[in-house]
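Note sheet for the following structure.
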Amino acid sequence: MAAQLGRRLRRGATSGAVVAAAVAALAASQAPGMTPPPADNASGDQSIGAGDSTTPPEDSATGQSPYYTDLPPLNTPNKPGTSVDLPIVTGPAEAGIPATVLAAYKRAEQSIRSSDPGCHLPWQLLAGIGKVESGQARGGRVDANGTTSSPILGPVLNGVGFANISDTDDGAFDGDRTHDRAVGPMQFIPSTWATWGQDANGDGRKDPNNIYDAAQAAGLYLCANNRDLAVKADLDRAILSYNRSTEYLHTVLSWFEYYKRGTHQVPDGTGVLPVDRSDTSRGSTSPERTKPAGPSPSPSTPPATAKPKPKPSNPSTSPTTPPPTPPASVRVVRIKDAGTGTLTATAGGVFAGRPTVAALDSAGKPVAGISVRFEILGTTGANFGGVAKSVTLTTGSTGKVVTPLLRAGEQLGGFTVRATVVGRSMAPVEFRATVTARQADTLVRGDSKVLTATTGERFADRVLVKATHDGAAASSVALTATMVTSAQDSQAATKGPYFKDANGDPLRTLTDLKTDENGLLTLPDIYADGEAGTFLLRLTAPGGGSLIIELKVTAPAPAPTPSPTTSPDASPNPTPSSTS
């Protein structure tokens, strides 16, 4: 009762005159236009975000669609200011956020802070909006890629109790060709999604029903118009731009502050679902919470006396109640690799395969609803979905579960992905993954200049090389440059042209070379020693790319020898005569 009273008191505060006046002032100062989202290049992603700078219909991301009005419980998380990255921990149930949903919020924060650090986007704000918009994607009912098990659609925005927004997407996102509906875990109307939609999980689609895509789009939308969310006024403006409602602002801020005091990760599909919505009457109770009471017996009619059932004549044939089915977490006895295959990727790329396991019972049959934690072990830059080092996922009806896309970091070598059953002590499944160097299968000269120098001098022109792989520019590929004695001999020459090391000494092999983002590389200066002739420079790259370049060194021309000359004005000296 105390908790109910507290919730009612806090709800009453949302309609106070002071709050209403403040919100009205903020709404009046809101800039009328929206700027397009910035590019997101975090974790090697391609630039994303497109569209014009038009203001969405109804001047909000959701078109003023209804939302959940449940407020946080009065008991707050135990560790203020913390976020525990564990599958299951002790704490208030409402503080638990489904694993994939939590990973999406954190990824969006990291990505946007890399492209727009001045916005200071906190992931807890996305969590607060996700809570009131969809109950964290219906308690985390998403697949391994972060897509909801079924589309999340708001009511038809036909002007009956809601905004009136005619169809803008021909039903592509919301399935309605007459009016628009808010779509996905962050409840974007199609016209807003057309401007702010993102592909944050790298699957080639901008899907409003994908929590990674939706969280990224929501973060960029909140940061529009150069907002700094560390400033209270900008924070309020951002929330109001999502849904222009006093109570919406208060409700989101309540969850925002609640999540800032601490959260914990829960398995997907097990999040606490909200009940009360803004489009239901105040004080009404969800039918999920109560059942209608049966009619009271009439005082004039005595209650019927139950007749005892006759005992069966043959006890051996009496019906028996089958024993209850044990919970899934009890029935599972092992997990196994379910066809993952070889996990290999080049640095910065995406692994073609994804770790996959199946949960089985003692009879070898699949077990659904098992929470499996995947964790990346070892020193590596690899991650799930562009940000997470661990994810907790739930097996489906086939007993299988697949991780999100596994992305390689820049560090080469091997690492391990370990899968364990949450809350059970049983043998883990480990997958070995390998990150290889970026590759180039072709190396060509970037120009056609003849490279010449005089003995003892520096070559006038520097070598420009272009690297490609499968016809595309190969960026960040490590090349090796070696002065060789012949095209068939890979050993470094001991005389002829050379590079210089940090001390200025001759160096005939370089290994610390990398192509730029366009696959281009300009070699350092090359010098000729005292040997004249034609020499060879070999360039090689991982992936088979190879190139031989000729370097010509000539001896200096001999200086002309001066010849003696006789002055035309010169006259022979007179010979003195002899006198007697």
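List of remarks:
- Net charge, Gly369 excluded, C-beta distance under 15 Å - Lys, Arg +1, Asp, Glu -1: +3
- Kirkwood Rh, Cα atoms: Rg over Rh of the stretch 442-554: 0.96
- Rg/Rh ratio calculated on Cα atoms of the stretch 374-475 (Kirkwood radius): 1.29
- On the principal axes of its alpha-carbon atoms, the stretch 330-436 has extents of 42, 22, 19 Å, going from largest to smallest.
- Total formal charge among the other residues, if their Cβ is under 13 angstrom from that of Thr178, Lys/Arg +1 and Asp/Glu -1: -4
- Sequence-distant residues sharing a close amide H with His469 (under 5 Å, placed H): Asp441, Ala474
- Amide H to amide H, with H built 1.01 Å from N, Tyr67 comes under 5 Å of Ser278, Asp279, counting only residues 5 or more places away or on other chains.
- Ordered by the count of other Cβ atoms within 10 Å of each Cβ, fewest first, Lys514, Lys131, Lys466, Lys336 give Lys514, Lys336, Lys466, Lys131.
- Fraction of alpha-carbon pairs over 15 Å apart in the stretch 157-233 - percent: 58 percent
All of the numbers you see were taken from the coordinates with simple rules; none came from a lab. As the structure is a prediction and not an experimental result, all values here were calculated from the model. Every residue, glycine among them, receives a Cβ derived from its backbone with ideal geometry; neighbour counts consider all protein chains shown.
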